[in-house]
Amino acid sequence: ENSLQKTSYSYTIDPGDIFNSPYALNLSSFTKLIKRLQATHPDASRDQIVEAIQQVRKNNKGMLCGLAISTIEERTSAIL
């Protein structure tokens, strides 16, 4: 009578996980970036935008430092 139970869990994305370097975007810049991307991509959810930003970070050797916000925005838009 052993049965495997399916477990579900929710994965939340914390902006602090993305921008955890003192040289990365601060929370104010993150908020502005999200707002700009939401305006550019109104059909994308906030979670989709954050996931795309994470992909940009992954593609840039795991860091966003050294990238201009406009560059992050362009690369994120290309993913979205």
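The values are calculated or read from the model by the stated rules, or taken from the named source; none is laboratory data. Computed from a predicted structure; not experimentally measured. Neighbour counts run over all protein chains shown; Cβ positions are idealised from the backbone, glycine included. Heavy atoms of the whole protein, side chains included, go into the accessibility calculation; ligands, DNA and RNA do not. Shrake-Rupley method; radii C 1.70, N 1.55, O 1.52, S 1.80 Å.
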Note to self: Restricting to the range 44-58, name every residue that is more than 8 Å from the chain's Cα centre (by Cα) and either loosely packed, with under 14 Cβ neighbours inside 10 Å or in contact (Cβ under 8 Å) with a residue 60 or more places away in the chain (or both).
What the structure shows: SER45, ARG46, LYS58
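If you scan the range 51-70, which residues turn out to be assigned to a helix (DSSP H, G or I) and among the hydrophobic types (A, V, I, L, M, F, W, C)? Even if it seems obvious, please write down each step before you answer.
In the first step, residues of the range 51-70 are kept if they are assigned to a helix (DSSP H, G or I); the result is 51-59, 69-70.
Matches in the range 51-70: ALA52, ILE53, VAL56, ILE69.
Restricting to the range 25-43, name every residue that is open to solvent by 20 Å² or more (accessible area, probe 1.4 Å) and either at positive phi or in contact (Cβ under 8 Å) with a residue 12 or more places away in the chain (or both). I'd like the intermediate steps shown before the answer.
Filtering the range 25-43 for residues open to solvent by 20 Å² or more (accessible area, probe 1.4 Å) gives 25-29, 31-32, 35-36, 38-43.
Passing the criteria: LEU25, LEU27, SER29, LYS32, ARG36, THR40, HIS41.
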Item checked: Any pair with Cβ under 7 angstrom, 6 or more apart, that starts in the range 59-73 at a residue that is modelled with pLDDT under 85 and ends at one that is loosely packed, with under 14 Cβ neighbours inside 10 Å and in a loop (DSSP other than H, G, I, E, B) -> CYS65/SER21; CYS65/TYR23
